[in-house]
Amino acid sequence: MKISRGLRNNNPGNIRLGSFRYKGEKARSSDAAFRQFDAIEWGYRAMFVLLHTYARKHRCRTLREMINRYAPPIENHTESYIRRVAYATHLAPDEAISTTDGAVMTAVVAAMSEVENGITANMEDIWRGWELFMKDFCQK
């Protein structure tokens, strides 16, 4: 069975290389286009961070707004992506969601990971990524 590029890179969201470096990201990626992480939970954490940034910095409040930014129509079948995530999470595409709601966001990231990699995500890995995200972004 061939493992997807995202899973080989421990980057289940297929987050592209950029100037910002995430915690747990390898200093040098051997992939010319996508980030690589030390472990899968760091890749999931990066997805939570990115979606949280979309909400805070760009005022993306819904699946439609987040996924349009995450997987833009110029390079993706964005409407199909939105429909698949909405169906899997039982959320309406234009329903406001909170990026600090663990139950909602782990479901969203699991669905996005499945779209990106073609297989069901391991929820234990996603929850470990959520815990890493919470340590940095949602301290009380």
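With respect to residue 61, is the statement that it is among the charged types (D, E, K, R) and within 19 Å of residue 91 (Cβ to Cβ) true? For residue 61, the condition - among the charged types (D, E, K, R) and within 19 Å of residue 91 (Cβ to Cβ) - is met.
Scoring residue 139 on the criteria (1) under 23 Å from residue 10 (Cβ atoms); (2) at pLDDT below 95 leaves a single failure, condition (1).
Of all residues in segment 77-99, those that are among the polar types (S, T, N, Q) have Cβ atoms under 6 Å from Cβ atoms of residues that are not in a helix (DSSP H, G or I), 6 or more apart or on another chain, in 78/71. In segment 5-57, which residue that is within 25 Å of residue 104 (Cα to Cα) and more than 15 Å from the chain's Cα centre (by Cα) is surrounded by the fewest Cβ atoms within 10 Å (Cβ to Cβ)? This residue is 57. Does segment 65-81 include one or more residues that are outside any helix (DSSP H, G or I) and either open to solvent by less than 20 Å² (accessible area, probe 1.4 Å) or in contact with a strand residue (DSSP E or B) (Cβ under 8 Å, 6 or more places away or on another chain) (or both)? Yes, that holds for at least one residue.
The values are calculated or read from the model by the stated rules, or taken from the named source; none is laboratory data. Predicted model only: the values in this text are computed from it and were never measured. Ideal geometry is used to build each Cβ from the backbone, glycine not excepted, and the neighbour counts take in all protein chains shown. Each accessible area value is taken on the protein alone, full model and side chains, heavy atoms only, with ligands, DNA and RNA left out. Shrake-Rupley method; radii C 1.70, N 1.55, O 1.52, S 1.80 Å.
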